[in-house]
1. Can you give me the long-range amide H partners of ILE282? Hydrogens built in the peptide plane at 1.01 Å from N, cutoff under 5 Å, separation of 5 or more residues or another chain.
2. What spacing in nm lies between the two simple spin-label points modelled at ALA184 and HIS214, each 7 Å away from Cα in the Cβ direction?
3. Please work out the Cα center distance from the range 13-50 to the range 346-375, rounded to the nearest Å.
4. Cut-off under 14 Å on the C-alpha distance; same-chain residues fewer than 8 positions from LYS174 excluded. Which aspartates and glutamates are left, in chain and number order?
5. Say the cut-off is 30 Å between C-alpha atoms; which of LYS220/LYS558; LYS99/LYS138; LYS127/LYS558; LYS138/LYS426; LYS99/LYS420 go over it?
6. In square nanometres, what is the average projected area of the Cα convex hull of the range 374-488?
7. How big is the charge dipole of the chain about its Cα centre, in debye rounded to the nearest 20, if each Lys and Arg gets +1 on its Cβ and each Asp and Glu gets -1 on its Cβ?
8. If you average 1/r over all unlike Cα pairs in the range 12-147 and invert the result, what Kirkwood radius do you get in angstrom?
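All of the numbers you see were taken from the coordinates with simple rules; none came from a lab. Since this is a predicted model, take the numbers as computed values, not measurements. In this analysis, Cβ positions are derived from the backbone assuming ideal geometry, glycine residues included, and neighbour counts consider all displayed protein chains.
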Amino acid sequence: PDPSDPPYLRGLNGPQRQAVLTTEGPVLMLAGAGTGKTAALTARLAHIIATRRAWPSEILAVTFTNKAAREMRERIGRMIGDAVEGMPWLGTFHSICAKMLRRHAELVGLQSNFTILDTDDQLRVLKQLIQADGLDEKRWPARQLAGLIDKWKNRGLTPADLDAADREAYADGKGQHFYALYQARLKTLNACDFGDLLLHMLVILKTHRDVLEHYQQRFKYILVDEYQDTNASQYLWLRLLAQARKNICCVGDDDQSIYSWRGAEVANILRFEKDFPGATVIRLEQNYRSTPQILAAASALIAQNSDRLGKTLWTELDAGDKVRVVGVWDGPEEARRIGEELEDLQRQNISLDRAAILVRAQFQTADFEERFTRIGMPYRIHGGRRFWDRAHTRDVTAYLRVVDQPADDLAFERIVNTPKRGLGDKSVATLSQIARGQRISLSSAATFVANTDELPQRARSTLARLTGDFERWREKRDQLSPSELAELVMEESGYIAMLKADRSIEAAGRLEDLQQIPRLMEEYETLEAFLEHISLVTAADQEATQEQVTIMTIHAAKGLEFDHVFLAGWEDGVFPSQRAMDEGGTASLEEERRLAYVAITRARQRASIYHAANRRIYGQWMSSIPSRFIAEIPPEHVESENSFGGGQSLWRANWSAQGDPFAHVAERNPARTMTRGPAWQRAVAQSSTITRAPAPSEKGPAASVGAKPRSDLAIG
Ligand code: ATP
Ligand code: MG
């Protein structure tokens with residue numbers, strides 16, 4: 001290295017330097033995980049500013065998360081000092097577009113102080129429109145419409161742009177009608193949703209030359225990280241802005257494209273070279289993040305995908321540990337084992353900040369939260385709400401709070417009309433008025449109005465039914481365990497039925513969460529003890545200063561790295577997800593495999609894959625088989641172990657009944673049978689010879705299985 005190099009160039013390899021120094025013209029950096037794409041992009045930004053090619057305010061830099069933008073800003077600060085003040089246009093697509101749109105809002109009929117709706121608001125608006133139109137919301141759920149509208153917006157389509165097929169997609173051709181109504185409604189509300197931030201800007205840039213030219217002149221350089229996950233409207237927006245100067249640098253990895261469900265199009269990578277002819281394409285092949293074992297495992301896995309550009313990766317790091325594959329009995333044991341491993345790290349004085357648990361689906365976090373709260377393991381759930389903070393789990397605990405404390409007005413208010421009981425806002429307002437006037441609780445007011453004519457008859461009988469329900473639940477309290485009571489309340493309140501009627505994906509996830517509730521409550525003797533526990537879990541949320549392990553979805557972990565990575569729930573049906581398997585085609589399975597690649601490549605030193613023999617999904621114990629992805633990792637990079645916390649005979653019965661647990665891999669992917677190597681044989685052999693571990697002292701898996709027996713588990 002040249003000692004006269006500015007700090008931001010020091011330590012960069014050849015192609016990285018090229019990416020930094022080729023400032024003019026289009027540049028596409030295509031490279032695998034951990035090869036320093038983000039590092040090079042950051043150095044490029046520093047270089048542009050340090051060499052005065054542009055002011056910080058003349059650079060448009062897009063990152064995938066707000067956190068990534070913050071980190072990039074800090075790193076540049078360390079490289080070049082104060083010169084990096086501001087960087088107003090460094091952020092996510094959404095944050096940058098929101099900022100732009102505030103300046104030009106009037107061009108699309110909004111005021112600059114428009115509000116940005118969240119998903120709940122969005123749904124409420126759509127529901128109102130659907131109802132006003134006299135459409136059956138059960139048949140044509142608002143969520144379905146919301147999903148379509150998002151999809152259209154991701155593709156950069158306004159209502160006028162829809163084609164016949166799009167129009168047909170909702171309520172027999174009413175999709176376009178509702179889309180247009182919805183957009184008009186948002187305008188009167190002076191609001192826009194997430195998709196609008198981009199779509200409105202796209203429309204403005206397309207229809208107002210002066211605005212377009214202003215930004216084309218302003219942005220001397222454009223930089224984009226995680227380019228493989230841009231959707232069509234983001235791509236069109238970038239292309240418009242870059243069209244004049246063409247100083248655009250995009251970095252990405254086709255193998256890490258994991259957002260096609262949100263409209264991301266890997267094809268944008270191929271389009272880039274077409275739209276920007278003569279682009280410099282830079283490939284990075286040296287990985288600086290992971291040990292060779294981890295890298296080899298990840299590379300072999302992703303090599304199973306057919307739809308990829310293909311690349312080689314190498315590293316100079318020491319070999320390191322093999323990828324561990326750990327078989328456990330069930331979800332709670334998985335959480336217990338990972339908890340123990342984290343305690344080991346603590347004993348070695350390794351900061352918990354360096355560890356992460358990556359899950360495929362949000363519902364998987366519940367077991368960890370439960371366990372970690374119990375053993376006092378500091379953790380945070382990144383992205384997504386904590387289990388007990390989610391709207392639907394809060395609804396359920398609100399019911400239980402009212403059972404416990406009839407005077408809990410906040411809780412009562414929350415659920416008085418959830419699920420919908422046809423109580424209008426006016427009735428609820430009158431009820432609060434009475435409660436305030438009489439200085440009684442809302443529950444008491446609800447009982448009180450039954451004998452008055454303060455409210456319409458319908459509202460009175462609805463309230464009478466609800467208070468009657470609560471009385472009945474309160475009476476059952478002594479006969480039932482808290483978890484049985486919760487089950488009863490969720491059922492009888494109509495809450496479960498409400499979610500079942502909702503055909504959206506979110507509703508399925510919520511239902512899954514609710515099914516976990518009784519299980520999580522099993523260990524509490526009284527309702528009060530449980531409710532106390534919940535409030536503590538929520539309070540623990542605020543202590544963020546200490547070192548803590550991060551629990552996050554793989555999607556949220558993109559671009560990040562951790563020394564120790566625990567990959568939980570690698571079972572068919574969880575990962576790959578049941579949906580991807582049901583869809584049958586290779587496309588969704590390949591996306592799951594890319595997700596697996598992203599997951600493994602987050603690890604610097606150690607990656608541990610967990611799979612459980614039994615998992616409770618949709619409230620039902622299912623015997624599960626290891627993820628097909630495990631079999632795709634070559635045995636020489638894997639170290640298998642099984643530790644079933646009891647119930648080994650069940651496990652064996654289970655497995656022998658199924659035969660080879662990887663048989664499905666052979667069945668569905670004939671070409672992949674080759675990958676079932678010695679490690680797998682070893683794992684199978686171990687599984688039946690392993691000496692039975694002592695039964696766990698806590699409520700063990702066998703006990704939970706016993707609670708909800710399944711015929712195929714009840715053998716032995
Ligand atoms: P991903 O595909 O996961 O987003 P990436 O290609 O963006 O990965 P980075 O996060 O930029 O990779 O870098 C991975 C790790 O390698 C980081 O810890 C980074 O500091 C380090 N690194 C990058 N380039 C070099 C280099 N030339 N020398 C030493 N370390 C480097
Ligand atoms: Mg990166």
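1. LEU28, MET29, LEU30
2. Going from the ALA184 label point to the HIS214 one covers 2.9 nm.
3. Between the Cα centre of the range 13-50 and that of the range 346-375, the gap is 34 Å.
4. The reachable aspartates and glutamates, counting only those whose Cα sits under 14 Å from LYS174, are ASP133, ASP136, GLU137, ASP163, ASP166.
5. Table pairs above 30 Å Cα-Cα are LYS99/LYS138; LYS127/LYS558; LYS99/LYS420.
6. Spelled out: convex hull of the Cα atoms, projected over all directions, averaged, 9.2 nm².
7. I would put it at about 1460 debye.
8. It is 18.2 Å.
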